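Below is one structure, written out as structure tokens, with a few remarks after it.
The values are calculated or read from the model by the stated rules, or taken from the named source; none is laboratory data. Because the structure is a prediction, the values reported are computed rather than measured. We place every Cβ from the backbone using ideal geometry, glycine too, and count neighbours over all the protein chains shown.
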Amino acid sequence: MNNLNPIHLEQTFAVSPQVIWEHLTQLHYLQQWFFKELEDFSPSLGFSTSFAFDYNGKTFTHCWEVVEALPQERLVLL
């Protein structure tokens with residue numbers, strides 16, 4: 001995986017870190033703004049999941065692994 005170029009996103013919001021953390025880690029929020037096909041998520045080190053979704057008539061499989069999770073501070077997914 002050394003040939004991957006990481007994406008780093010940073011944004012400031014006028015809400016508490018707790019609210020941001022909830023929206024980035026609670027399944028129902030993730031399904032609303034990201035992928036409705038996501039069936040499970042846990043912001044815990046080592047959690048992994050995969051799910052398929054359709055886009056323009058093609059099926060793609062998306063895989064996630066939590067590699068860092070500091071509540072209300074940092075969430076890193078591969």
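Contact map, region 5-21: residues that are touching a residue at least 40 places away in the same chain (Cβ under 8 Å) and in a helix (DSSP H, G or I) paired with residues that are surrounded by 10 or more Cβ atoms within 10 Å (Cβ to Cβ) and polar (S, T, N, Q), Cβ distance under 6 Å, separation 6+ or inter-chain. Pairs shown: Pro17/Gln72; Gln18/Gln72; Trp21/Gln72.
Residue under question is Thr59, and the condition is that it be touching a Phe, Trp or Tyr at 6+ places or on another chain (Cβ under 8 Å) and loosely packed, with under 10 Cβ neighbours inside 10 Å; does it hold? Taking the combined requirement at face value, the residue satisfies it. Taking the criterion of being at pLDDT 95 or above and of a type in the set (A, V, I, L, M), the residues of region 22-55 that qualify are Leu27, Leu45. Consider region 30-56 and keep the residues that are among the aromatic types (Phe, Trp, Tyr) and outside any loop (DSSP other than H, G, I, E, B). The one that is nearest to Val67 (Cα to Cα) is Phe51. Considering Glu10, Glu73, Glu68, the condition of being loosely packed, with under 13 Cβ neighbours inside 10 Å, among the acidic types (Asp, Glu) and at pLDDT below 90 is satisfied by Glu10 alone.
Scanning region 57-78 for residues that are of a type outside the set (Phe, Trp, Tyr), part of a strand (DSSP E or B) and over 28 Å from Val15 (Cα atoms) yields Lys58, Thr59, Thr61, His62, Cys63. Figure legend. Inter-residue proximity from region 49-73: first residues farther than 25 Å from Ile20 by Cβ, second residues at pLDDT below 95 and acidic (Asp, Glu), beta-carbon distance below 9 Å, spacing 6+ or different chains. Indicated pairs: Ala52/Glu37; Asp54/Glu37; Phe60/Asp54. Among the residues of region 23-36, those that are surrounded by 13 or more Cβ atoms within 10 Å (Cβ to Cβ), of a type outside the set (Phe, Trp, Tyr) and farther than 18 Å from His8 by Cβ comprise His23, Thr25, Gln26, Leu30, Gln31.
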